[in-house]
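K.L.:
The structure under discussion is supplied below as structure tokens; questions concerning it will follow.
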Amino acid sequence: IDCVDFKTLDERVFQVYQIHEVIHFAGYKAVGEAVQNPLKYYENNLMTSITILKLIEKYKGVCKAFLFSSTATVYDDQFEETSPCSPSQPYGRTKHMVEIIMKDYAHTDPNLFCMSLRYFNPIGAHPSGKIGEAPQMPNNLLPVILEVA
């Protein structure tokens, strides 16, 4: 289901299931691609999030939590968790913008729990291949370094 499509997401998910919490992982995530094609990232990452938040608003009182898969790239190169956000490329900016939108929306509904998870994925897949990802051309630096080593 295209998470930008409000009507389809509503009809096929929110109207069929009683959604109490949303864990939002629906976004593009390749930093290099985002630099090459920023509009693709802004459109997808922002609009999927806005659509999901609109559905949460429609089902206010039923859906009470929104967990957003963000990224540590919302920070500058050197940071601590208390550092201010200062993303240096479009991918990190889209994630930071969604965090701002989520925070602004959360102020309208004191019963909605919202949280962003900011994490890294520097390694890739488990050796078994059962979890994680193992792309032919990794977007993360550490898998490339490990292949060379």
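K.L.:
Keeping every protein chain present and rolling a 1.4 Å probe, give me the accessible area per residue for segment 8-66 in Å². List each step's numbers first, then the result.
P.N.:
Working: 3380 Å² over 59 residues.
Per residue, segment 8-66 has 57 Å² of solvent-accessible surface.
K.L.:
Just name one of Gly92, Asn37, Phe66: the one whose Cα is farthest towards the positive end of the charge dipole of segment 34-106 (beta-carbon charges, Lys/Arg +1, Asp/Glu -1).
P.N.:
The one lying farthest along the dipole's positive direction is Phe66.
K.L.:
So if each residue of separation counts as 0.36 nm, and I subtract the Cα-Cα distance between Glu80 and Arg12, what length gain in nm does that give?
P.N.:
Working it through step by step, the gained length comes to 20.4 nm.
K.L.:
Next question. Heads up, I need the accessible area for Met115: 1.4 angstrom probe, whole protein in place, Å², nearest 10.
P.N.:
80 Å²
K.L.:
Which one of Val4, Ile19, Phe79 has its Cα pushed farthest toward the positive end of the charge dipole of segment 1-128, where Lys and Arg give +1 and Asp and Glu give -1 at the Cβ?
P.N.:
Ile19
K.L.:
Got a sec? What order do Leu117, Leu53 fall in by accessible area at 1.4 Å, biggest, i.e. largest, first? Let's see the in-between values first.
P.N.:
Numbers: Leu117 60, Leu53 10 Å².
Putting Leu117, Leu53 in descending order of accessible area: Leu117, Leu53.
The values are calculated or read from the model by the stated rules, or taken from the named source; none is laboratory data. Since the model is a prediction, treat every value here as computed from it, not as a measurement. So basically every Cβ, Gly included, is an ideal-geometry build from the backbone, and we count neighbours across all protein chains shown. Surface areas here come from the heavy atoms of the whole protein model, side chains and all, with no ligands, DNA or RNA. Shrake-Rupley method; radii C 1.70, N 1.55, O 1.52, S 1.80 Å.
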